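**Q** Right, I'll just put the structure down here and ask away after.
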Amino acid sequence: MSIFDMGDYNFYVWGSVFLSFLILFLTYIDAIKKHKDVRRVIQNTKDSE
Amino acid sequence: MSLKAIYKYGSPPNFYRFAMKLEPWCFSLGVFLIVIGTIGGLFIAPKDYQMGDAYRIIYFHVPSAYLSMSAYAAMGFASTIGIVWRSTVAFSVAKSIAPFGALITALALITGMLWGKPMWGTAWVWDARLTSEFILLLLYLGYITLHASIKEQKRADRAASLVAILGIINLPIIHYSVVWWNTLHQASTISKIDAPSIVGEMLWPLLVMIIGYSLFFSAVICRGGSAEVLMREKRSKWVKEI
Amino acid sequence: MDTYFQLFIRETKVAIKRWTDALTGIILFFLIALLFPLISDSDKDFLLKIVGPIMMFSAFFSSLLSMQNMYKPDFQNGTIEQLLLSKRSFVGLILTKTFAYWVFTSLPLILISGLIASIYFVTGKAILIIQLTLLLSTLTMINISAFTSAITLGIRYPGALMTLIITPITLPILIFGSKAIENSILGLDISGPLYFLTGMMMLSLFLGPWITASALKISMD
C-alpha cells in the first residue's frame, strides 16, 4: 500500500492538506510583498529628495 | 503595565527592530514544526479503527479553527490598546491580523466541510460551532471592508478598531445564543458527534501543528505589522535611516 | 433637562418634515410580512410556526433600510458638530436623539405588528407578547443601528458595509426574539428569552450611546 493512498477518503485528506498549505503560503507571500512594496516606496522618496 | 513601558517598547522603531529580529526565528521554527506535524499526522500516527484514515484531516482543521479564534482575540486586544493609548503599533498589528484571520477562518470552514463530507455524509450542518465560525468570518470581513472603505488612515484605524472591540464583546453572546438555538432545534442529530477522545500517539502531531501554526502566524504578523508600521511612519526620520 | 427636551422637539419637527422615512419603514414591514403567506403557504399551522422569525426579520430589515438617514443629514448640515459643542453631555444628547428616532421609526411598527399578527392567525395573549418582544428588541436594534450608521458616516455608499457590520451583532436578538414569540404561541415558558432580551436592551442602552458618541467623534475629526 502506498503511503499516499488514504483509502476512500484520499481526496478529502489530501485536499485539506493542499488547501492548508496553499493558504499559509499565500498569507506569508502577501506579508512579504507588502513589506517589499513599502520599502520600495520609502526608497523612492529618499532618492527623490 | 505603566504608560512609560508602553511608549518605550511600543514605539514604532523599537517594534520594527524587535519584529524583524523575531521574524526569521518564528518563521523557521514554525515551518519546521508544521512539517514535523504533517509527517507525524499523515504517516506516523496510527489509523483510527472507527474512522480510518479520514480522521487525519483533523491535523489541519483543528489548528486553523483554534487560530481563527485566538487571532480574533489578539485583534481585539490590539485594537483596545490602540484605542486607549493611540498606539500606531497596535493599530498596525490589528490591521495585519485581519486578512490572515479571515483566510484562516475560511480555511477552518473549508477543512471542516471536507471533514464533514466523509464523516457525517454532508458538508454542512447547522451546528453551533460551524455557525459561529461562519459569523466569525463575517466579523473579520466587516473589519476589513470598513478599514478599506475609509480613506484617511487614522480614522480608518480607529473606526475599524471600534468594530473589532464590539465584536469581542459580542462574540461570547453570539456563541451562546447560537448554541442555545442549536440545542432547541436539533437536539439529537449529528451535531452531537464530537471529536473522539484522542490518545497520546495521535495527540502529539496535533499539538505540534497547533504550536507550529501559532509561530507561523507570529511570523506573518511580524512581517505584515512592521510593513504597516513603516507605511504609517513614512515621513519620520528613523524610517529614512534604515 | 431643557436641552434634551429641545432636542427631542427638534427631532420631532424633523421627523414630521421627513415623514416618508417613517412611512417607508412601515410599508416595508407590512409588505415583507404579507409576502410570506402569499409566496409560500397560507396554512394556519405553518404560519403560526414562522410568525416569530418573520416578525423579527421584517423589523430588522426595515430598521436596516431606515437607518441610513439616521445621522447623515445632521452630519452634513452641521447639527452633530453643534451637539458636540453643547454644554450638556454628548452621550446624553445622542441617547435622546436615538430615542427620538426610535419613537418615529420603530414605535409605529410595534403598533401595527398586532394587526400583522392577526393576519398570521395569532390570537389572545400571544399578540401582546409579540409586541413586547418587538419593543425590547427594537430598542436594542436601534442602538446597534445608531452605532453602525455613526461609524460609516464618512463613506459614500455604506449600504452593504452596514449590513455586514450589523448582521453578526444583531443575530442574538433575532434568535431570542423569534424564540420568545414561538414559545408564547406554543404556550411554553417565555421568561428565558425575554430576560435575555431585557438584559441586552439594558446593555445596549448603557453602552450604545457611549460607543456611538465615540464613533461620531472618530468620524468627525
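The values are calculated or read from the model by the stated rules, or taken from the named source; none is laboratory data. Everything quoted here is computed from the prediction, not taken from an experiment. Every residue, glycine among them, receives a Cβ derived from its backbone with ideal geometry; neighbour counts consider all protein chains shown. Accessible surface areas use protein heavy atoms only, side chains included; no ligands, DNA or RNA. Shrake-Rupley method; radii C 1.70, N 1.55, O 1.52, S 1.80 Å.
**Q** Tell me, yes or no, whether the range C:204-213 has at least one residue that is within 9 Å of chain B (Cβ to nearest Cβ) and open to solvent by 40 Å² or more (accessible area, probe 1.4 Å).
**A** yes
**Q** Right, next: Applying the selection to the range C:55-101, what residues are open to solvent by 50 Å² or more (accessible area, probe 1.4 Å) and within 30 Å of residue C:122 (Cβ to Cβ)?
**A** C:57, C:61, C:65, C:99
**Q** Follow-up question, since we're still on this one. Just to be sure, is residue C:148 facing chain B (nearest Cβ under 10 Å), buried (at least 16 other Cβ atoms within 10 Å of the Cβ) and in a helix (DSSP H, G or I)?
**A** Criteria met by residue C:148.
**Q** So which residues in the range C:154-171 are open to solvent by less than 10 Å² (accessible area, probe 1.4 Å) and more than 8 Å from chain B (Cβ to nearest Cβ)?
**A** C:162, C:166, C:170
**Q** Residue by residue through the range B:28-44, note down the ones that are within 14 Å of residue B:60 (Cα to Cα) and open to solvent by less than 40 Å² (accessible area, probe 1.4 Å).
**A** Answer for the range B:28-44, where residues must be within 14 Å of residue B:60 (Cα to Cα) and open to solvent by less than 40 Å² (accessible area, probe 1.4 Å): B:33, B:34, B:37, B:38, B:40, B:41, B:42.
**Q** So for the range B:74-82 (the condition being farther than 22 Å from residue B:219 by Cα, touching a Gly at 6+ places or on another chain (Cβ under 8 Å) and either of a type outside the set (Gly, Ala, Ser) or free of Cβ contacts under 8 Å to residues at least 12 places away in the same chain (or both)), does at least one residue qualify?
**A** No - not one qualifying residue is present in the range B:74-82.
**Q** Of everything in the range B:76-129, what is open to solvent by less than 30 Å² (accessible area, probe 1.4 Å), more than 10 Å from chain A (Cβ to nearest Cβ) and at pLDDT below 85? Give them in sequence order.
**A** Result: B:87, B:125, B:127, B:128.
**Q** Same structure, new question: Taking the range A:8-25 as the search range and keeping residues that are hydrophobic (A, V, I, L, M, F, W, C) and either exposed (fewer than 13 other Cβ atoms within 10 Å of the Cβ) or more than 7 Å from every other protein chain (Cβ to nearest Cβ) (or both), which one is farthest from residue B:103 (Cα to Cα)?
**A** A:11
**Q** Somewhere in the range C:15-31, is a residue crowded, with 18+ Cβ neighbours inside 10 Å and free of Cβ contacts under 8 Å to residues at least 24 places away in the same chain?
**A** Just the residues of the range C:15-31 that are crowded, with 18+ Cβ neighbours inside 10 Å, to begin with: C:21-22, C:25, C:28-30.
Those left that are additionally free of Cβ contacts under 8 Å to residues at least 24 places away in the same chain: none.
No, there is no match, as no residue in the range C:15-31 is crowded, with 18+ Cβ neighbours inside 10 Å and free of Cβ contacts under 8 Å to residues at least 24 places away in the same chain.
Conditions tested, residue by residue: (1) at negative phi; (2) at pLDDT below 85; (3) surrounded by fewer than 20 Cβ atoms within 10 Å (Cβ to Cβ).
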residue	(1), (2), (3)
B:200	yes, yes, yes
B:207	yes, no, yes
B:211	yes, no, yes
B:214	yes, no, yes
B:217	yes, no, no
B:221	yes, no, no
B:226	yes, no, no
B:235	yes, yes, yes
B:239	yes, yes, no
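**Q** Quick one: count up the residues across the range C:111-125 that are buried (at least 19 other Cβ atoms within 10 Å of the Cβ) and in a helix (DSSP H, G or I).
**A** 3
**Q** Would you check which residues across the range C:176-190 are surrounded by 23 or more Cβ atoms within 10 Å (Cβ to Cβ) and either at the interface with another protein chain (Cβ under 9 Å from one of its Cβ atoms) or outside any helix (DSSP H, G or I) (or both) and list them?
**A** Selection gives C:176, C:179.
**Q** Given the criterion in a helix (DSSP H, G or I), within 19 Å of residue C:150 (Cβ to Cβ) and touching a Phe, Trp or Tyr at 6+ places or on another chain (Cβ under 8 Å), identify the matching residue among C:164, C:216, C:197.
**A** Residue meeting the stated conditions: C:216.
**Q** Return the residue satisfying two criteria in turn: it lies in the range B:45-73 and is free of Cβ contacts under 8 Å to residues at least 40 places away in the same chain and open to solvent by 20 Å² or more (accessible area, probe 1.4 Å), and of such residues it is nearest to the other protein chains (Cβ to nearest Cβ).
**A** The selected residue is B:47.
**Q** Given the conditions (1) aromatic (Phe, Trp, Tyr); (2) open to solvent by 20 Å² or more (accessible area, probe 1.4 Å); (3) touching a residue at least 60 places away in the same chain (Cβ under 8 Å), and given that residue B:134 satisfies all but one, which numbered condition is not satisfied?
**A** (3)
**Q** Which condition from (1) within 11 Å of chain C (Cβ to nearest Cβ); (2) open to solvent by 20 Å² or more (accessible area, probe 1.4 Å) is the one that residue B:139 breaks?
**A** Every listed condition holds for residue B:139 apart from (2).
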